[in-house]
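For reference, the structure is listed below as C-alpha coordinates.
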Amino acid sequence: MKFLWFRCDIILPSAALAVGVLAVALAGFFIKRELEGTENTEQHCTMAHEAPENVERFKSEGHSAFVLGHTGELGKVLVDELNKLKIFKKVVLVGRREIPLDVGPEFEQKVVDFENIDDYKDVFKDLDTGFSCLGTTRGKSGVQGFIRVDHDYVLMSAEVAKAQGCKHFSLVSSQGADKNSSFLYPRTKGQVEEALKVMHFDRLSIFRPGVLMVDREESRPMEAAFRALLKPVSYFFPTAISVPVRIVALALINNAVAPPSGSTFELYDNKAIHQISGISKGCGVKRSQSAPERTRTD
Ligand SMILES: NC(=O)c1ccc[n+]([C@@H]2O[C@H](COP(=O)([O-])OP(=O)(O)OC[C@H]3O[C@@H](n4cnc5c(N)ncnc54)[C@H](OP(=O)(O)O)[C@@H]3O)[C@@H](O)[C@H]2O)c1
(Lines give C-alpha, C1' and ligand atoms only; values in the text may rest on other atoms or scores of the structure.)
Protein backbone atom coordinates (compact mmCIF):
# COMPACT_ATOMS: atom_id res chain seq x y z
CA MET A 1 0.00 0.00 0.00
CA LYS A 2 1.49 3.26 -1.03
CA PHE A 3 0.23 6.76 -0.34
CA LEU A 4 1.73 10.05 -1.36
CA TRP A 5 3.95 10.56 1.65
CA PHE A 6 3.21 7.74 3.97
CA ARG A 7 3.89 3.99 3.82
CA CYS A 8 1.31 2.15 5.89
CA ASP A 9 3.04 -1.16 5.26
CA ILE A 10 6.10 0.13 7.14
CA ILE A 11 4.62 2.52 9.68
CA LEU A 12 1.78 0.36 11.01
CA PRO A 13 3.89 -2.73 11.84
CA SER A 14 6.57 -0.47 13.35
CA ALA A 15 4.01 1.30 15.52
CA ALA A 16 2.51 -2.04 16.56
CA LEU A 17 5.98 -3.31 17.44
CA ALA A 18 6.73 -0.17 19.50
CA VAL A 19 3.43 -0.50 21.38
CA GLY A 20 4.14 -4.20 21.95
CA VAL A 21 7.63 -3.50 23.31
CA LEU A 22 6.26 -0.77 25.58
CA ALA A 23 3.50 -3.06 26.85
CA VAL A 24 6.00 -5.85 27.61
CA ALA A 25 8.34 -3.40 29.38
CA LEU A 26 5.49 -2.01 31.47
CA ALA A 27 4.21 -5.49 32.30
CA GLY A 28 7.74 -6.48 33.35
CA PHE A 29 7.99 -3.40 35.56
CA PHE A 30 4.64 -4.08 37.24
CA ILE A 31 5.36 -7.79 37.69
CA LYS A 32 8.70 -6.97 39.33
CA ARG A 33 7.08 -4.37 41.61
CA GLU A 34 4.31 -6.81 42.49
CA LEU A 35 6.58 -9.73 43.29
CA GLU A 36 9.32 -8.00 45.21
CA GLY A 37 9.00 -7.92 48.95
CA THR A 38 10.75 -5.66 51.43
CA GLU A 39 13.65 -6.25 53.75
CA ASN A 40 11.16 -6.09 56.61
CA THR A 41 8.40 -8.18 55.09
CA GLU A 42 8.34 -10.54 58.08
CA GLN A 43 8.17 -7.67 60.54
CA HIS A 44 5.30 -6.01 58.64
CA CYS A 45 3.36 -9.23 58.29
CA THR A 46 3.88 -10.01 61.98
CA MET A 47 2.54 -6.56 62.81
CA ALA A 48 -0.57 -7.33 60.77
CA HIS A 49 -0.91 -10.81 62.24
CA GLU A 50 -0.61 -9.58 65.82
CA ALA A 51 -2.92 -6.59 65.31
CA PRO A 52 -6.02 -8.15 66.95
CA GLU A 53 -4.19 -8.88 70.21
CA ASN A 54 -2.35 -5.55 70.03
CA VAL A 55 -5.71 -3.80 69.73
CA GLU A 56 -6.89 -5.38 72.99
CA ARG A 57 -3.72 -4.42 74.87
CA PHE A 58 -3.71 -0.92 73.38
CA LYS A 59 -7.34 -0.34 74.36
CA SER A 60 -6.59 -1.26 77.97
CA GLU A 61 -3.78 1.35 78.04
CA GLY A 62 -6.25 4.22 77.57
CA HIS A 63 -4.74 6.20 74.71
CA SER A 64 -6.13 9.37 73.10
CA ALA A 65 -5.58 10.59 69.56
CA PHE A 66 -6.04 13.39 67.08
CA VAL A 67 -6.55 13.26 63.33
CA LEU A 68 -5.54 16.07 60.99
CA GLY A 69 -7.35 16.00 57.64
CA HIS A 70 -10.35 13.99 58.82
CA THR A 71 -12.54 15.61 56.15
CA GLY A 72 -10.38 14.27 53.32
CA GLU A 73 -10.80 10.96 51.51
CA LEU A 74 -8.25 9.06 53.56
CA GLY A 75 -9.13 10.88 56.78
CA LYS A 76 -12.80 9.90 56.50
CA VAL A 77 -11.96 6.23 56.10
CA LEU A 78 -9.49 6.41 58.98
CA VAL A 79 -12.19 7.89 61.21
CA ASP A 80 -14.60 5.18 60.09
CA GLU A 81 -12.12 2.42 60.98
CA LEU A 82 -11.27 4.06 64.32
CA ASN A 83 -14.97 4.25 65.07
CA LYS A 84 -15.37 0.52 64.39
CA LEU A 85 -12.36 -0.53 66.45
CA LYS A 86 -12.80 1.86 69.41
CA ILE A 87 -9.12 1.74 70.29
CA PHE A 88 -8.94 5.25 71.71
CA LYS A 89 -10.81 6.63 74.69
CA LYS A 90 -10.87 10.03 72.96
CA VAL A 91 -10.31 11.09 69.34
CA VAL A 92 -10.12 14.77 68.43
CA LEU A 93 -10.71 15.54 64.77
CA VAL A 94 -8.86 18.74 63.95
CA GLY A 95 -9.86 20.58 60.79
CA ARG A 96 -10.80 23.87 59.23
CA ARG A 97 -14.47 22.88 59.06
CA GLU A 98 -16.94 20.54 60.67
CA ILE A 99 -18.64 17.77 58.72
CA PRO A 100 -21.62 15.55 59.59
CA LEU A 101 -20.31 12.34 61.17
CA ASP A 102 -22.02 9.28 62.53
CA VAL A 103 -19.47 8.26 65.14
CA GLY A 104 -19.24 7.35 68.80
CA PRO A 105 -19.17 9.81 71.72
CA GLU A 106 -15.38 9.53 72.01
CA PHE A 107 -15.06 11.59 68.80
CA GLU A 108 -14.97 15.36 68.95
CA GLN A 109 -14.55 17.76 66.03
CA LYS A 110 -12.53 20.91 66.63
CA VAL A 111 -12.46 23.67 64.07
CA VAL A 112 -9.14 25.49 64.03
CA ASP A 113 -7.35 28.15 62.03
CA PHE A 114 -4.15 26.42 60.94
CA GLU A 115 -2.52 29.83 60.33
CA ASN A 116 -2.77 30.42 64.07
CA ILE A 117 -2.54 26.88 65.36
CA ASP A 118 -0.62 28.09 68.42
CA ASP A 119 -3.88 29.58 69.63
CA TYR A 120 -5.43 26.10 69.72
CA LYS A 121 -2.96 24.36 72.01
CA ASP A 122 -5.73 23.04 74.22
CA VAL A 123 -7.19 21.05 71.34
CA PHE A 124 -4.12 18.80 71.44
CA LYS A 125 -3.82 18.53 75.20
CA ASP A 126 -2.84 15.04 76.40
CA LEU A 127 -3.42 13.39 73.03
CA ASP A 128 -0.56 10.89 72.85
CA THR A 129 -1.14 9.67 69.28
CA GLY A 130 -1.46 11.79 66.15
CA PHE A 131 -2.34 11.00 62.55
CA SER A 132 -1.84 13.46 59.72
CA CYS A 133 -3.79 12.99 56.49
CA LEU A 134 -3.58 16.68 55.72
CA GLY A 135 -2.80 17.76 52.18
CA THR A 136 -3.80 19.68 49.12
CA THR A 137 -2.66 19.90 45.53
CA ARG A 138 -0.83 22.50 43.54
CA GLY A 139 -3.80 22.63 41.17
CA LYS A 140 -6.17 23.46 44.00
CA SER A 141 -4.06 25.77 46.15
CA GLY A 142 -1.17 26.97 43.97
CA VAL A 143 2.50 26.40 44.74
CA GLN A 144 2.61 28.47 47.92
CA GLY A 145 -0.72 27.13 49.15
CA PHE A 146 0.43 23.56 48.60
CA ILE A 147 3.65 24.14 50.56
CA ARG A 148 1.72 25.96 53.29
CA VAL A 149 -0.61 22.99 53.86
CA ASP A 150 1.52 19.92 53.11
CA HIS A 151 4.63 21.29 54.84
CA ASP A 152 3.93 24.21 57.15
CA TYR A 153 0.53 23.24 58.56
CA VAL A 154 1.72 19.69 59.22
CA LEU A 155 4.85 20.89 61.03
CA MET A 156 3.13 23.67 62.95
CA SER A 157 0.45 21.24 64.16
CA ALA A 158 3.04 18.58 64.99
CA GLU A 159 5.02 21.06 67.09
CA VAL A 160 2.00 22.14 69.10
CA ALA A 161 0.89 18.53 69.51
CA LYS A 162 4.30 17.42 70.71
CA ALA A 163 4.42 20.18 73.29
CA GLN A 164 0.97 19.06 74.48
CA GLY A 165 1.99 15.41 74.93
CA CYS A 166 1.97 13.68 71.54
CA LYS A 167 4.35 10.73 71.70
CA HIS A 168 3.61 8.93 68.43
CA PHE A 169 3.05 10.93 65.26
CA SER A 170 2.07 9.23 62.00
CA LEU A 171 2.34 11.11 58.72
CA VAL A 172 0.81 10.13 55.42
CA SER A 173 3.46 11.33 52.99
CA SER A 174 3.83 9.97 49.46
CA GLN A 175 5.67 7.45 47.38
CA GLY A 176 8.73 9.12 45.90
CA ALA A 177 9.10 11.71 48.68
CA ASP A 178 12.58 13.14 48.36
CA LYS A 179 13.83 16.37 49.90
CA ASN A 180 16.30 16.81 47.03
CA SER A 181 13.86 16.26 44.19
CA SER A 182 13.57 18.98 41.58
CA PHE A 183 9.80 18.43 41.52
CA LEU A 184 7.61 20.34 43.94
CA TYR A 185 5.42 17.49 45.21
CA PRO A 186 8.06 14.90 46.17
CA ARG A 187 10.40 17.65 47.42
CA THR A 188 7.77 19.13 49.74
CA LYS A 189 6.82 15.70 51.06
CA GLY A 190 10.52 14.85 51.58
CA GLN A 191 11.15 18.13 53.37
CA VAL A 192 8.26 17.71 55.78
CA GLU A 193 9.49 14.19 56.58
CA GLU A 194 12.99 15.51 57.33
CA ALA A 195 11.67 18.31 59.52
CA LEU A 196 9.54 15.86 61.49
CA LYS A 197 12.52 13.58 62.05
CA VAL A 198 14.42 16.28 63.89
CA MET A 199 11.48 17.02 66.16
CA HIS A 200 12.29 13.80 68.03
CA PHE A 201 8.92 12.33 68.76
CA ASP A 202 9.18 9.21 70.90
CA ARG A 203 7.94 7.49 67.78
CA LEU A 204 7.53 8.81 64.24
CA SER A 205 5.88 6.65 61.56
CA ILE A 206 5.97 7.84 57.98
CA PHE A 207 3.81 6.19 55.35
CA ARG A 208 4.54 6.62 51.67
CA PRO A 209 1.53 5.33 49.76
CA GLY A 210 1.37 5.08 45.99
CA VAL A 211 -1.67 6.38 44.15
CA LEU A 212 -4.65 6.40 46.52
CA MET A 213 -7.53 4.43 45.05
CA VAL A 214 -10.77 6.12 46.05
CA ASP A 215 -13.93 7.41 44.41
CA ARG A 216 -13.17 10.99 45.25
CA GLU A 217 -16.09 13.26 46.14
CA GLU A 218 -14.31 16.35 44.90
CA SER A 219 -13.91 16.64 41.13
CA ARG A 220 -10.26 16.28 40.10
CA PRO A 221 -10.57 15.34 36.39
CA MET A 222 -6.87 14.66 35.73
CA GLU A 223 -6.54 12.53 38.84
CA ALA A 224 -9.79 10.69 38.03
CA ALA A 225 -8.59 9.96 34.48
CA PHE A 226 -5.26 8.69 35.77
CA ARG A 227 -7.00 6.52 38.35
CA ALA A 228 -9.29 5.07 35.67
CA LEU A 229 -6.25 4.15 33.58
CA LEU A 230 -4.67 2.62 36.65
CA LYS A 231 -7.65 0.45 37.58
CA PRO A 232 -6.63 -2.54 35.44
CA VAL A 233 -3.04 -2.21 36.69
CA SER A 234 -4.15 -2.21 40.32
CA TYR A 235 -6.45 -5.15 39.62
CA PHE A 236 -3.65 -7.34 38.26
CA PHE A 237 -0.82 -5.84 40.35
CA PRO A 238 -2.57 -4.66 43.53
CA THR A 239 0.50 -3.77 45.58
CA ALA A 240 2.75 -2.42 42.82
CA ILE A 241 1.98 1.29 42.60
CA SER A 242 -1.43 1.95 44.11
CA VAL A 243 -3.29 1.41 47.34
CA PRO A 244 -6.96 1.70 48.36
CA VAL A 245 -7.52 4.26 51.13
CA ARG A 246 -8.93 1.61 53.48
CA ILE A 247 -5.66 -0.29 53.33
CA VAL A 248 -3.73 2.85 54.29
CA ALA A 249 -6.15 3.51 57.16
CA LEU A 250 -5.74 -0.02 58.50
CA ALA A 251 -1.96 0.16 58.18
CA LEU A 252 -1.97 3.40 60.20
CA ILE A 253 -4.04 1.73 62.90
CA ASN A 254 -2.16 -1.59 63.01
CA ASN A 255 1.07 0.36 63.31
CA ALA A 256 -0.29 2.64 66.03
CA VAL A 257 -1.35 -0.29 68.23
CA ALA A 258 1.87 -2.25 67.69
CA PRO A 259 4.25 -2.04 70.65
CA PRO A 260 7.22 0.28 70.04
CA SER A 261 10.03 -1.73 68.47
CA GLY A 262 12.86 0.33 69.92
CA SER A 263 13.11 2.41 66.74
CA THR A 264 12.11 6.02 66.99
CA PHE A 265 11.60 6.30 63.26
CA GLU A 266 9.66 4.00 60.96
CA LEU A 267 9.27 4.40 57.22
CA TYR A 268 6.78 2.37 55.23
CA ASP A 269 6.50 2.31 51.46
CA ASN A 270 3.49 1.27 49.40
CA LYS A 271 4.27 -2.45 49.67
CA ALA A 272 4.82 -2.23 53.41
CA ILE A 273 1.48 -0.43 53.80
CA HIS A 274 -0.24 -3.32 52.04
CA GLN A 275 1.55 -5.81 54.28
CA ILE A 276 0.81 -4.01 57.55
CA SER A 277 -2.87 -3.54 56.72
CA GLY A 278 -3.48 -7.26 57.09
CA ILE A 279 -6.19 -7.26 54.39
CA SER A 280 -4.04 -7.08 51.30
CA LYS A 281 -1.75 -9.34 49.35
CA GLY A 282 1.89 -8.71 50.02
CA CYS A 283 2.89 -11.05 52.80
CA GLY A 284 4.90 -14.17 52.07
CA VAL A 285 6.63 -12.69 49.06
CA LYS A 286 10.36 -12.79 48.54
CA ARG A 287 12.53 -10.02 49.89
CA SER A 288 14.34 -7.44 47.83
CA GLN A 289 17.31 -5.30 48.61
CA SER A 290 15.43 -2.07 47.83
CA ALA A 291 13.73 -2.11 51.15
CA PRO A 292 12.08 0.70 53.03
CA GLU A 293 14.08 1.65 56.05
CA ARG A 294 12.93 1.09 59.60
CA THR A 295 15.82 2.64 61.35
CA ARG A 296 16.93 3.88 64.69
CA THR A 297 17.70 7.58 64.57
CA ASP A 298 18.69 8.10 68.15
N1 LIG B 1 -4.21 11.37 46.15
C2 LIG B 1 -3.23 10.50 46.05
O3 LIG B 1 -3.19 9.65 45.13
C4 LIG B 1 -2.12 10.50 47.08
C5 LIG B 1 -1.02 9.66 46.90
C6 LIG B 1 -0.04 9.62 47.88
C7 LIG B 1 -0.14 10.42 49.01
N8 LIG B 1 -1.21 11.26 49.15
C9 LIG B 1 -1.28 12.08 50.37
O10 LIG B 1 -2.18 11.47 51.26
C11 LIG B 1 -2.76 12.47 52.12
C12 LIG B 1 -4.26 12.31 52.15
O13 LIG B 1 -4.74 12.40 50.82
P14 LIG B 1 -6.30 12.58 50.51
O15 LIG B 1 -6.46 12.22 49.08
O16 LIG B 1 -7.12 11.93 51.55
O17 LIG B 1 -6.43 14.17 50.66
P18 LIG B 1 -7.76 15.05 50.52
O19 LIG B 1 -8.94 14.22 50.25
O20 LIG B 1 -7.45 16.15 49.57
O21 LIG B 1 -7.92 15.65 52.01
C22 LIG B 1 -6.98 16.55 52.50
C23 LIG B 1 -7.33 17.04 53.87
O24 LIG B 1 -6.52 18.21 54.13
C25 LIG B 1 -7.38 19.31 54.44
N26 LIG B 1 -6.90 20.57 53.87
C27 LIG B 1 -6.59 20.82 52.60
N28 LIG B 1 -6.27 22.12 52.45
C29 LIG B 1 -6.40 22.69 53.67
C30 LIG B 1 -6.22 24.01 54.16
N31 LIG B 1 -5.83 25.02 53.38
N32 LIG B 1 -6.44 24.24 55.47
C33 LIG B 1 -6.83 23.23 56.27
N34 LIG B 1 -7.02 21.96 55.88
C35 LIG B 1 -6.81 21.70 54.58
C36 LIG B 1 -8.71 18.98 53.79
O37 LIG B 1 -9.73 19.75 54.41
P38 LIG B 1 -11.04 20.17 53.59
O39 LIG B 1 -11.87 18.91 53.50
O40 LIG B 1 -11.66 21.21 54.42
O41 LIG B 1 -10.58 20.63 52.25
C42 LIG B 1 -8.79 17.49 54.04
O43 LIG B 1 -9.20 17.23 55.36
C44 LIG B 1 -2.29 13.82 51.57
O45 LIG B 1 -1.20 14.28 52.32
C46 LIG B 1 -1.82 13.48 50.16
O47 LIG B 1 -0.80 14.35 49.71
C48 LIG B 1 -2.21 11.31 48.23
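The values are calculated or read from the model by the stated rules, or taken from the named source; none is laboratory data. Note that the structure is predicted; figures quoted are calculated from it, not measured. With ideal geometry, Cβ positions are generated from the backbone for all residues, glycine too; neighbour counts draw on all protein chains shown. Protein only, heavy atoms only, side chains kept; ligands, DNA and RNA dropped before computing areas. Shrake-Rupley method; radii C 1.70, N 1.55, O 1.52, S 1.80 Å.
The figures follow:
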quantity	calculated
All-pairs alpha carbon distance profile, region 11-165, 10 Å steps from 0, percent	9, 27, 25, 19, 11, 6, 2
Selection of GluC sites (Glu not before Pro), region 1-108, meeting DSSP coil and at most 13 other Cβ within 10 Å	E61, E98
Distance (nanometres) between label positions extended 7 Å along Cα→Cβ at D80 and V198	3.9 nm
Over 28 Å between alpha carbons, listed pairs K89/K140; K197/K231; K76/K197	K89/K140; K197/K231
H200 accessible area, assembled protein chains, probe 1.4 Å, Å²	120 Å²
The chain: DSSP helices with Cα axial extent of at least 15 Å and average Kyte-Doolittle hydropathy no lower than 0.5	8-35, 245-257
Share of Cα-Cα pairs in region 185-246 lying beyond 16 Å, as whole percent	58 percent
Unpaired by the 4.7 Å Cβ criterion, cysteines found in the chain	C8, C133, C166
In region 225-288, the trypsin sites (Lys or Arg not before Pro) that fall in loop regions by DSSP, at most 15 other Cβ within 10 Å	K281, K286, R287
A16-F226 FRET efficiency (beta carbon distance; Förster radius 41 Å; 0.05 resolution)	0.95
Cα gyration tensor shape of region 36-277, rounded if a/c is under 1.5, else prolate or oblate by comparing a/b with b/c	rounded
Sequence-separation-based contact order of region 36-277, relative, with Cα cut under 8 Å and 6+ spacing, percent	22 percent
Estimated distance in nm for a label pair at A27 and E56, the labels positioned 7 Å out from Cα along Cα-to-Cβ	4.7 nm
Accessible heavy-atom area order of D128, D9, highest first, probe of 1.4 Å	D9, D128
Which of Y235, Y268, Y185, Y120 is most accessible, then next, and so on - probe 1.4 Å	Y235, Y185, Y120, Y268
Structure-based [θ]222 nm, the chain - -39500 (n - 2.57) summed over DSSP H runs of at least 4, per residue, nearest 500	-14000 deg cm²/dmol
